[in-house]
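Engineer: Below is a structure I'd like to ask you about.
Each reported figure results from applying straightforward, stated rules to the coordinates on display, with no laboratory input. What you see is a predicted model; the values in this text were computed from it and never measured. Positions of Cβ are backbone-derived with ideal geometry, glycine not excepted, and every protein chain shown enters the neighbour counts.
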Amino acid sequence: MNKGIMIISVGLLLAIAFTSCEMKKKSTETVAVDTTDWCLDGFERPAGKNPIISPQGSTKFYCPMREDSVAWEESDTFNPAATIYKNEIVVLYRAEDNSAQGIGSRTSRLGYATSVDGLNFTRKTTPAFYPAKDSQEANECPGGTEDPRVAMTEDGTYVLLYTQWNRKVPRLAVATSKDLVNWTKHGPAFGKAYEGRFYDEPSKSASIVTTLKGNKQVITKINGRYFMYWGEQNVYAATSDNLTDWEPLVDKDGNLLKLFSPRPGKFDSHLTECGPPAILTKKGILLLYNGKNRAGTEGDTAYPANSYCAGQVLFDQKDPTKVIARLDKPFLQPTDDFEKSGQYPAGTVFIEGLVYYKNKWYLYYGCADSFVAVAVSDKQLEF
């Protein structure tokens, strides 16, 4: 990775009680420190393996919405979630059919692939999760189900956070499963919060907080409640008592509480979008995120305009709204041809899946909105 310099905040940025809508601001100062003691670095692309998942037109299934056979992963396969099931890595990846042209114009479904080594995958021929004639039809049709993140509870329940796309409003939604195949859809994550105030507000990209217990990465609570980071333009937060109904944190004026935002002149100058599940460590809560670069002097000219690179930020353990460290340079950026071609030729490494497996971290990411790839690190974080 680029070690670079990151900025660490040593003052109290935010203090917020999860049961309150109030926020207090306090003064801050910044100092430059070394990055490698807290961040998850050392990721390498395995030689000759990427992309690990590519589009294919031979797999078809009967679409309940179209009432016809559909080549459901013919155009693009990208933006993967990842977890462990029965001692194997499972990747749930976004797959687009060939129903239209242009980003966001096709129908997306989630494919299912398994691996015993994290590098070589066997794929199911039908999607594991998709829009159907069910309670979520109005939110998921015709655009589909997109951009998943998945994490597991200690009792083996899988929580899927994904985007519902009806081509009107993107909504962050929740589904649960015991086997990653049979799912219960719970609808928009913020549907009940504040009497439905945020139901029609665009929302997506959620990273629920997890930790390692033994060698098992599981969902954990912060100050007695489940906690997630979410957002695309800025990074926000939400809490829950049951993992299905979430309440966004708001400031004293009732607006969504911004935890951090794009930085002028940096690789994340345009967007800061949450990545895979966050990780509670001894150093703090580590969030890996996706940063989009602006063109020209508004962005970082060391990276292509409009490219997506991957960053990291550290939050305080006791106050998960308080940023205490953030990388100035990306730890993963588009370099290979398949990361700079396809639907998004400006270049994309879009991280969404992270698993701890056989003493290594496997990071799964979308490439140019067209392929799935993996990078591996053997760094051991402190828990």
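Engineer: Return the FRET efficiency for the residue pair Ser341, Asp241: r is the Cβ-Cβ distance, R0 is 51 Å, and the value is rounded to the nearest 0.05. Show your work: numbers first, answer last.
Structural biologist: Working: r = 45 Å, r/R0 = 0.87.
With a Förster radius of 51 Å, E is 0.70.
Engineer: Another question, then. Using the Cβ atoms and a cut-off under 12 Å, what net charge is assigned to the surroundings of Glu339, where Lys and Arg are +1 and Asp and Glu are -1?
Structural biologist: Working: positive: Arg45, Lys340; negative: Asp336, Asp337, Asp369.
Summing Lys/Arg as +1 and Asp/Glu as -1 gives -1.
Engineer: Going by how many other beta carbons lie within 10 Å of each one, how would you line up Leu110, Leu257, fewest first?
Structural biologist: Going from least to most buried by this count: Leu257, Leu110.
Engineer: On to the next question. Scan around Lys329 for amide H atoms under 5 Å from its own, H built in the peptide plane at 1.01 Å from N, and keep only partners 5 or more places away or cross-chain.
Structural biologist: Ile5
Engineer: Okay, moving on. Tell me the label-point distance for the pair Asp179, Lys192, using the 7 Å Cα-to-Cβ offset, in nm and rounded to one decimal.
Structural biologist: 2.8 nm
Engineer: Could you work out Rg/(2.2 N^0.38 Å) for region 68-179, with Rg from alpha carbons only?
Structural biologist: Details: Rg = 13.9 Å, N = 112, 2.2 N^0.38 = 13.2 Å.
After normalising by residue count via 2.2 N^0.38 Å, the value is 1.05.
Engineer: Let me ask something else about it. Under a point spin-label approximation (7 Å from Cα along Cα-to-Cβ), what is the Glu88-Asp251 distance to one decimal in nm?
Structural biologist: 4.8 nm
Engineer: Moving to a separate point now. Give the share of C-alpha pairs in each 20 angstrom bin for the chain, from 0 to the last occupied bin, in whole percents, shortest bins first.
Structural biologist: The distribution over the chain is 30, 62, 8, given as percents.
Engineer: Around Ile84, under 15 Å between beta carbons, what's the net of Lys plus Arg minus Asp minus Glu among the other residues? The partial results should precede the final answer.
Structural biologist: Numbers: positive: Lys86, Arg149, Lys178, Lys213, Lys216, Lys358, Lys360; negative: Glu88, Asp117, Glu154, Asp155, Asp179.
Around Ile84, the surrounding residues sum to +2.
Engineer: Take Arg45, Arg106 and order them by how many other Cβ atoms sit within 10 Å, fewest up front. Walk me through the intermediate numbers first.
Structural biologist: Numbers: Arg45 17, Arg106 21.
In order of increasing Cβ crowding within 10 Å: Arg45, Arg106.
Engineer: A further question on this structure: Would you kindly give the portion of the calculated P(r) for region 290-383 that falls above 14 Å, as a percent of all Cα pairs?
Structural biologist: On the way: 3029 of 4371 pairs.
Tail of P(r) above 14 Å: 69 percent of Cα pairs.
Engineer: Given an 8 Å cut-off on Cα distances and at least 6 residues of separation, report the relative contact order of the chain as a percent.
Structural biologist: Details: 1125 pairs, mean separation 67.4, N = 383.
Normalised by residue count, the contact order of the chain is 18 percent.
Engineer: Going by average Cβ density within 10 Å per residue, which order do the peptides 315-324, 132-141 take, highest to lowest? Walk me through the intermediate numbers first.
Structural biologist: Working: 315-324: 20.5, 132-141: 15.7.
My ranking of the peptides, most packed first, is 315-324, 132-141.
Engineer: Residues with beta-carbon under 11 Å from that of Cys274, excluding Cys274: net charge, scoring Lys, Arg +1 and Asp, Glu -1?
Structural biologist: Details: positive: Arg149, Lys204; negative: Asp147, Glu232, Glu273, Glu352.
Local charge sum for Cys274: -2.
Engineer: Quick check: the distance between the Cα centres of region 99-159 and region 246-321, to the nearest angstrom?
Structural biologist: 24 Å
Engineer: Put +1 on the Cβ of each Lys and Arg and -1 on the Cβ of each Asp and Glu in the chain; which of Gly224, Asn139, Ser108 then has its Cα farthest toward the positive end of the dipole?
Structural biologist: The listed residue farthest towards the positive side: Gly224.
Engineer: Helix-only mean residue ellipticity at 222 nm, the chain, DSSP H runs n ≥ 4 weighted -39,500 (n - 2.57), per residue, nearest 500. What is it? Kindly include the intermediate steps, with their values, before the conclusion.
Structural biologist: Working: 1 runs with 4 residues, N = 383.
Value at 222 nm, helices only: 0 deg cm²/dmol.
Engineer: Compare the peptides 212-223, 354-365, 275-286 by average per-residue count of other Cβ atoms within 10 angstrom and give them in order, highest first. Show your work: numbers first, answer last.
Structural biologist: Numbers: 212-223: 15.2, 354-365: 20.9, 275-286: 22.4.
Descending packing order for the listed peptides: 275-286, 354-365, 212-223.
Engineer: Going by C-beta contacts inside 10 Å, put Thr211, Thr163, Thr153 in order with the fewest on the left.
Structural biologist: Exposure proxy ranking, most exposed first: Thr153, Thr211, Thr163.
Engineer: Taking every pair of alpha-carbon atoms in region 242-340, give the share separated by more than 17 Å as a whole percent.
Structural biologist: 58 percent
Engineer: For region 197-281, state what percent of all Cα-Cα pairs lands in each successive 10 Å bin, counting from 0 Å until the bin that includes the largest distance.
Structural biologist: Result, from short to long distances: 17, 45, 30, 8, 0 percent.
Engineer: If you place +1 on the Cβ of every Lys and Arg and -1 on the Cβ of every Asp and Glu, how big does the dipole about the Cα centre of the chain come out, in debye to the nearest 20?
Structural biologist: Working: 44 positive and 46 negative charges, 112 e Å.
That gives a dipole near 540 debye.
Engineer: Another question, then. Measure of size requested: the Rg and Dmax of region 46-100, with Cα atoms as the atom set and Å as the unit; please supply both.
Structural biologist: Looking at region 46-100, its Cα Rg and Dmax stand at 13.5, 42 Å.
Engineer: If you build the convex hull over the alpha carbons only and average its shadow over all orientations, what do you get for region 122-249? Give it in nm² to one decimal.
Structural biologist: Values: hull surface 35.6 nm².
Averaging across all directions leaves 8.9 nm² for the Cα convex hull.
Engineer: Can you tell me how much longer the chain between Ala302 and Thr122 gets when fully stretched, taken as 0.36 nm per residue apart minus their C-alpha distance, in nm with one decimal? Show your work: numbers first, answer last.
Structural biologist: Numbers: separation 180, 0.36 × 180 = 64.80 nm, distance 3.75 nm.
The Ala302-Thr122 span can extend by a further 61.0 nm.
Engineer: Please enumerate, by chain and number, the lysines with C-alpha under 19 Å from the C-alpha of Lys252, excluding those fewer than 8 residues away in the same chain.
Structural biologist: Lys24, Lys25, Lys26, Lys322
Engineer: Using +1 on the beta carbon of Lys and Arg, -1 on that of Asp and Glu, and nothing else charged, what's the dipole of region 95-150 about the Cα centre, debye to 20? Let's see the in-between values first.
Structural biologist: Details: 6 positive and 8 negative charges, 30 e Å.
Value, rounded to 20: 140 debye.
Engineer: Run the simple label-point estimate for Thr114 and Glu201 please: 7 Å along Cα→C-beta, distance reported in nm.
Structural biologist: My value for the distance between the label points is 4.1 nm.
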